[in-house]
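Working notes, beginning with the structure itself.
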Amino acid sequence: MSRIGFLGLGIMGKAMALNLVNAGFEVTVWNRNRQKCEELVAHGATFGDSPKAVAQACDITFAMVADPEAALAICQGPNGVAAGIGAGRGYVDMSTVDDKTSGTIADLIHHAGGRFLEAPVSGTKKPAEDGTLVILAAGDESLYQEALPALNVMGKMAPYLGGVGQGANMKLVVNMIMGGMLNIFSEGMALGQKSGLEGQAILDVLAAGAMANPMFNIKGKMCLEENYDTSFPLKHMQKDLRLALALGDRLEQPLPTAAATNEAFKQAKKSGYAEEDIAAAHKVNR
Ligand code: NAP
């Protein structure tokens, strides 16, 4: 069985790494804030000193960090993944970043003799805990095949989408649509309630028709209960919208609805809801 590294133990990374440990993989973990490694070590993981040390010690190293800046930071420099990866080893970045960042990371890893796969995920905290994420893999196909046993522990499906960038682009498209849906849903809820409709009645009517979906049910309930416990931090959704808009700029693809949604999420961040769940975007509309 491969020795597995895992970098980044936030909301998602912690749950994914724990599933790998529980599935019997030999896992070495690292997190910028070292305290977050303790729970994993208590469950049988080994503590890694730096991204470099983890990449050196493991056959395949996975990462799940916040954004393009973080994804690059853990790869570069004397303690970065690229400094430790060596010939033949694999690096799988599961963070949500844009295709350009993913390409830069691929170049760093390839230059050091390693193999690279991007594998951002669709699904939030609960699917990460349940091992039912949808994993969007792209890049080195031999590494994809070797990583599949671990990907199948973390997710319910992991299609191979092609060359580096295709996983990142798929993820940004999916989240851009999700952000847009959440934004208009929140506006509709606010309008309905202001007009005197019961919030639950709006949810029930939506759930009975062609627009029924788990997100409206889950996030709608959170809005009604005013419980914004974080599964998907609002700041990360705004980052994904920003990255999708930049891709649209580059490809000269107009995205007026995504642009308006991005402004709504920026407003929610400015109002102090960055660390709360994406459902907290509703607080601006209420
Ligand atoms: P999170 O809870 O905010 O965790 C972020 C992780 O990134 C932490 O381990 C943090 O380390 C690390 N980090 C941030 N800046 C860093 C830097 N400069 N150098 C090194 N490490 C850094 O985020 P999350 O919800 O787990 O999300 C992780 C990624 O998955 C993001 O790209 C997000 O967009 C994506 N995603 C999230 C969800 C979701 O529902 N939560 C769903 C799909 C995809 P510290 O602990 O030291 O701060």
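In terms of solvent-accessible area of protein heavy atoms at a 1.4 angstrom probe, what is the ranking of Phe6, Phe216, Phe47, highest value first?
Numbers: Phe6 0, Phe216 20, Phe47 80 Å².
Sorted descending by solvent-accessible area, the residues read Phe47, Phe216, Phe6.
Database remark: amide H of Leu133 closer than 5 angstrom to the amide H of Gly155, Lys156 (H placed geometrically; neighbours at sequence offset of 5 or more, or on other chains; Pro and chain starts carry no H). Normalised by the number of residues in the chain, the mean separation of alpha-carbon contacts (under 8 Å, six or more apart) gives a relative contact order of 13 percent. With the simple spin-label model, which puts each label point 7 Å out from Cα in the Cβ direction, the Val173 to Phe47 separation comes to 4.4 nm. In order along the stretch 110-119, phi translates into HN-Hα couplings of 4, 4, 8, x, x, 10, 10, 9, 9, 8 Hz, rounded to whole numbers, per the Karplus curve 6.51 cos²θ - 1.76 cosθ + 1.60 with θ = phi - 60° and x for Gly and Pro.
So for the stretch 3-163, if I pair up every lysine 8 or more residues apart or on another chain, how many of those pairs have alpha-carbons under 15 Å apart? Provide the component values of the computation, followed by the final result.
On the way: Lys14/Lys36; Lys14/Lys125; Lys14/Lys126; Lys125/Lys156; Lys126/Lys156.
Step by step, the pairs that qualify in the stretch 3-163 add up to 5.
By the rule of a C-alpha distance below 29 Å, with chain neighbours fewer than 8 residues away ignored, the lysines paired with Lys194 are Lys219, Lys221, Lys235, Lys266, Lys269, Lys270, Lys283. From its DSSP helices (H runs of at least four residues, each -39,500 (n - 2.57)), the chain gives a residue-normalised ellipticity at 222 nm of -16000 deg cm²/dmol.
Fully extended, how many nm does the chain gain between Arg250 and Lys194 (0.36 nm per residue separation, minus their Cα-Cα distance)? Don't jump to the answer; show the numbers that get you there.
Details: separation 56, 0.36 × 56 = 20.16 nm, distance 3.97 nm.
My answer for the length gained is 16.2 nm.
Look at the alpha carbon pairs under 8 Å that are at least 6 residues apart: their mean separation over the length of the stretch 3-163 gives a relative contact order of 19 percent. Tilt of helix 11-22 relative to the longest C-alpha principal axis of the chain, in degrees (0 to 90, nearest 10)? So the helix axis and the longest Cα principal axis differ by about 50 degrees.
Starting from 0.36 nm per residue, how many nanometres of slack lie between Glu263 and Ala208 once their C-alpha separation is accounted for? Could you put the intermediate results ahead of the total?
Values: separation 55, 0.36 × 55 = 19.80 nm, distance 3.04 nm.
Contour length minus Cα-Cα distance gives 16.8 nm.
For the pair Glu129 and Ala73 in one chain, pulling the backbone fully straight at 0.36 nm per residue adds 17.5 nm over the alpha carbon distance.
The values are calculated or read from the model by the stated rules, or taken from the named source; none is laboratory data. These numbers were taken from a predicted model, which means no experiment stands behind them. Every residue, glycine as well, gets a Cβ built from its backbone with ideal geometry; the counts of neighbours run over all protein chains shown. SASA here: full protein model, heavy atoms, side chains in, ligands and nucleic acids out. Shrake-Rupley method; radii C 1.70, N 1.55, O 1.52, S 1.80 Å.
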